[in-house]
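What follows is a set of notes on a single structure, which appears directly below.
A short reminder: the numbers here are calculations on the coordinates, not readings from a lab. Since we're looking at a predicted model, the values are computed, not measured. Positions of Cβ are backbone-derived with ideal geometry, glycine not excepted, and every protein chain shown enters the neighbour counts.
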Amino acid sequence: MSEEKETNIFQIMHSLLASFFGVQSQENMDRDEKYIEKNGIKVYIILGFILVFCLLMGLYTMVKIIIYFAV
């Protein structure tokens, strides 16, 4: 019998990043579904907001740097 390991924070972040790009594997989706059924969706929502915030801040910083050097 194989013992299933608990999903860790890095696997959740990997799943969220993969979903941002639309390249999630079926195995990861099944793992995520089991985690959500057992523990709820709260962790995914919080990490999703954090990742979106980091993406927006990265884009904002990139635009500011480009504008600074273009002028």
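So the values come out like this:
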item: Selection from ASN28, THR61, GLY40 lying farthest towards where the dipole of the chain points positive, charges on Cβ; result: THR61
item: Rounded FRET efficiency, nearest 0.05, which uses the C-beta distance separating PHE10 from ILE65 and R0 of 30 Å; result: 0.55
item: Candidate values [x] -0.65, -0.75; [y] -0.78, -0.85; [z] -0.46, -0.59, label of the one derived for log10 I(q)/I(0) by the Debye sum over Cα atoms at q = 0.16, 0.18 Å⁻¹; result: [x]
item: Using alpha-carbon coordinates, inclination of helix 9-21 to the longest axis of the chain, degrees; result: 60
